[in-house]
Amino acid sequence: MTAIDQIIRQAINPFDPATFKPGNFWHEEQDPALDVESIHQEVIREVEAVLEQVARDHRTRTVMMFGDSGAGKTHVLGRLKRILNPKAFFVYIDPFPESEAIWRHVLRYTVDSLVQKPEGEAESQLLRWLKSLSAFKQGGIVSWVLSDRQRFVRSLKASYPSGIYNANEFFGVLYDLIDPDRYPLACEWLRGDNLDDESLKLLNVKHSIETEDAAQKVLANFGRIAAETQPIVLCFDQLDNIARTSDGAIDLQALFNVNSSIHNQLLKNFLVIISIITSTWRQNADRVQLADQVRIDTSVPLKPISLDQAEAVWVSRLRPLHRQADPRPDSPTFPLTRQVLEQKYPGGKTYPRNALELGRRIIQSYKVGPSKAEQPEDAIAAFKLVWLKEFNRVQERIIRIRQLSAPELTQMLKETFAALQVGEIRPRFLPSSTYASHSFSYQPNNQGRVGIGWNEDPSLTTLFHIMNAYRCAVELNLCEKLFLIRAEGIGKPGNRGYELHDQIFAENTPHQHLKPSLHSVHYLATYHSLVNAAYAGEIVVAGKTLDIQALEFFIRDSHILQNCTLLKDLGVLSSKETVEVEGEGAIASQPDDSEPEFQPDNEPIQDFLLDLLKTHQLLGRQVMVQTTVGQFTEISEDQVNELIQQLSEDNQLQVLGDNPNPEEQLVYLPDQLA
């Protein structure tokens, strides 16, 4: 028999705020067991009704979903995808970093989402979409796989005799999707990667999708063909971190231009969902032309939840703990009570996040006692746990640098520089309208201006134009030092881009070419994800919802970026600082081809154990062991137990009780329970 009191004291707080942060629904797994079906059920039904209309008449429609921070907008998008994915293809579009390339951004994330496999499916959305075309249904899929490319293209051109942009190449690339060996390369072309000549030749195409016009027309191809398949749902979310206008406002007009174009071009079978914070819309609505606002077919508000629904949120979180208890608690919300909700929210309404945070504070008080629970929380420790969880997700998702576009990589680096307060930052450094967004400059205190550009396009033609822009920047004395960040190759001697590169980055110049590691990109991408969440009001640390200023403070104060080798190579982190926190930022990292094999280090694991205790104050030993092994897959439970013993001997933590059974032991910080 195990009492509920003991279980609660041993467990990770079920309302841990690290679980609050939502995001891209293809990368953030939602636990259906934590859903309360009645919450925002009217929103789910209304969007489902609109989707059914699109499926019936194939006319594109747009839904605006709005609500306050903490209302659950991003979580609702995830629920919609999970519930309605059998009826539609779902696309999540991250905030776009530049308005001038918004169509290429939308196309990239459309294909990135279509290559995802829905839960329970053996094939990606893209292959499901392709195989649902009438051309595949005629004579069976096997005969089409065995047929030649030209026959396949002719058949599709006969099915779609007009309205398809670059039909021969587009249909030819669709054919390459059938071949497992060419499938990845075909996806790269469809998403707009700027491929090299060899890759283009393999796909039998002349050009990559290099312009906004081409990207828009390829996306239109998907729309025109989609009329005979399931609808495609485009979800725009976290819009507070999209590209900004010259006066610093978010460029919602650019997004609404895309939406209007989808309608005006009569692209069929799209459902566009725009998810936005109510206050953000109120502040920026007058910046969007009325002709574009009327393209919103339906507006759906996310309303506060009732106290009954708040109780249901508590029940969903506490249920796993209650199931372990013998005897079972009389109340499914124990140790939480309805009375606390009524006292806290006398109006009878709140938001899901508020209910979660209230539950967290009460559970924490129950674990360690009211007096200890009132002590200031260790926010840095809590932030490091949030960071680690996001870092692990990013490592799983980003397996090569070129998954991210040049504007995205540049934006990530700029955001990191801003957080580290490296000096005055100016966007768009390179004197080239095409590649300006791939660059920025900054001026450290009492030093000359430093220019930085980042591009990973494998095309050597593109490389030449970039190097030419760099040459112009040097000749115009736009900076004293110039960095090129590029992991991709630069060709061979005799290539024009190669020759320019060697001139600009010769040993007798101050300029440098840095080759970033994938691991460094994981740092930048993790911070970027948290920046998106902070602007959207979706990141909670130690009971506080962080804005961008608070997030930047945590980044500096936690030293979490100190092991990012790219930042060190750029000179914005000192070698001394990197040595002092060796291993901290490399928590749970995996090796990649550009770095030495990762060796497990006890220090980050011990830091993690202490951060867990600082955040939760009291935990079961076995819970700590299992949680740590879940984060550091290269170590065993025995090794973690040895580290706990070592920390205990060093008086950095204490084990409560003499019971030799680890499952019965509690662990806490010295003086925590005194």
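Looking at segment 630-657, which of its residues are β-branched (Val, Ile, Thr) and either in contact with a helix residue (DSSP H, G or I) (Cβ under 6 Å, 6 or more places away or on another chain) or closer than 20 Å to residue 8 by Cβ (or both)? Hits for segment 630-657 are 640, 655.
Would you say residue 29 is surrounded by fewer than 21 Cβ atoms within 10 Å (Cβ to Cβ), acidic (Asp, Glu) and in the same structural domain as residue 130 (by TED's automatic domain parsing)? Criteria not met by residue 29. In the condition set (1) in a helix (DSSP H, G or I); (2) surrounded by fewer than 16 Cβ atoms within 10 Å (Cβ to Cβ); (3) of a type outside the set (Phe, Trp, Tyr); (4) in contact (Cβ under 8 Å) with a residue 12 or more places away in the chain, residue 45 is compliant with all but (4).
In segment 220-260, how many residues are among the aliphatic types (A, V, I, L, M) and part of a helix (DSSP H, G or I)? Final tally of qualifying residues: 8. Pairs linking a residue in segment 418-444 that is outside the structural domain of residue 524 (by TED's automatic domain parsing) and touching a residue at least 60 places away in the same chain (Cβ under 8 Å) to a residue that is assigned to a strand (DSSP E or B) and not aliphatic (A, V, I, L, M), with Cβ atoms under 9 Å and 6 or more positions apart or on different chains, do not occur.
Taking the conditions exactly as written (buried (at least 21 other Cβ atoms within 10 Å of the Cβ) and under 19 Å from residue 89 (Cα atoms)), does residue 191 satisfy them or not? Here the answer is yes, as residue 191 does meet what is asked. Number of residues in segment 327-376 that are under 30 Å from residue 670 (Cα atoms), modelled with pLDDT of 90 or more and of a type in the set (Asp, Glu): the value is 1. Using the structure shown, decide if residue 239 is buried (at least 21 other Cβ atoms within 10 Å of the Cβ), among the aliphatic types (A, V, I, L, M) and in contact with a Pro (Cβ under 9 Å, 6 or more places away or on another chain). The answer is yes for residue 239. Of the residues making up segment 476-497, just one is within 23 Å of residue 410 (Cα to Cα) and either free of Cβ contacts under 8 Å to residues at least 12 places away in the same chain or not assigned by TED's automatic domain parsing to the domain that holds residue 444 (or both), namely 477. Of the residues screened, residue 397 is not one that is at pLDDT below 95, within 26 Å of residue 26 (Cα to Cα), surrounded by 17 or more Cβ atoms within 10 Å (Cβ to Cβ) and not β-branched (Val, Ile, Thr). Looking at the structure I just gave you, is residue 217 closer than 21 Å to residue 265 by Cα, modelled with pLDDT under 90 and assigned to a helix (DSSP H, G or I)? For residue 217, the condition - closer than 21 Å to residue 265 by Cα, modelled with pLDDT under 90 and assigned to a helix (DSSP H, G or I) - is not met. Per the conditions (1) closer than 20 Å to residue 663 by Cβ; (2) assigned to a loop (DSSP other than H, G, I, E, B), the sole criterion not satisfied by residue 645 is (2). Report, by residue number, each residue of segment 626-652 that is surrounded by 13 or more Cβ atoms within 10 Å (Cβ to Cβ) and closer than 21 Å to residue 378 by Cα. Within segment 626-652, 627, 628, 631, 644, 647, 648, 652 qualify. Of all residues in segment 248-269, none satisfies being in contact with a Phe, Trp or Tyr (Cβ under 7 Å, 6 or more places away or on another chain), surrounded by fewer than 19 Cβ atoms within 10 Å (Cβ to Cβ) and either acidic (Asp, Glu) or in contact (Cβ under 8 Å) with a residue 40 or more places away in the chain (or both). Listed by first and then second residue, the pairs with beta-carbon distance under 9 Å, at least 6 apart or on different chains, first residue in segment 556-572 and more than 16 Å from residue 517 (Cα to Cα), second crowded, with 20+ Cβ neighbours inside 10 Å and basic (Lys, Arg), are 558/384; 560/384.
Residues in segment 123-159 that are modelled with pLDDT of 80 or more, more than 20 Å from residue 203 (Cβ to Cβ) and more than 32 Å from the chain's Cα centre (by Cα): 158, 159. Among the conditions (1) closer than 26 Å to residue 74 by Cα; (2) at pLDDT 95 or above, the only one that residue 262 does not satisfy is (2).
Scanning segment 9-54 for residues being in contact with a Lys or Arg (Cβ under 7 Å, 6 or more places away or on another chain), among the aliphatic types (A, V, I, L, M) and more than 23 Å from residue 310 (Cα to Cα) gives a total of 3. Taking the criterion of being closer than 20 Å to residue 536 by Cα and either modelled with pLDDT of 90 or more or not hydrophobic (A, V, I, L, M, F, W, C) (or both), the residues of segment 23-47 that qualify are 23, 24, 27, 28, 29, 30, 40, 43.
Checking each residue in segment 345-383 for being touching a Lys or Arg at 6+ places or on another chain (Cβ under 9 Å), among the basic types (Lys, Arg) and buried (at least 18 other Cβ atoms within 10 Å of the Cβ) picks out only 367. Tell me, please, whether a residue that is without any contact (Cβ under 8 Å) to a residue 60 or more places away in the chain and among the hydrophobic types (A, V, I, L, M, F, W, C) can be found in segment 53-76. The answer is no; no qualifying residue exists. The single condition from (1) closer than 14 Å to residue 43 by Cα; (2) assigned to a loop (DSSP other than H, G, I, E, B) that residue 296 fails is (1).
The values are calculated or read from the model by the stated rules, or taken from the named source; none is laboratory data. Just so it is clear, the structure is predicted and the values come from calculations on it, not from any experiment. When we count neighbours, we look across all protein chains shown, and the Cβ atoms used for this are built from the backbone with ideal geometry, even at glycine.
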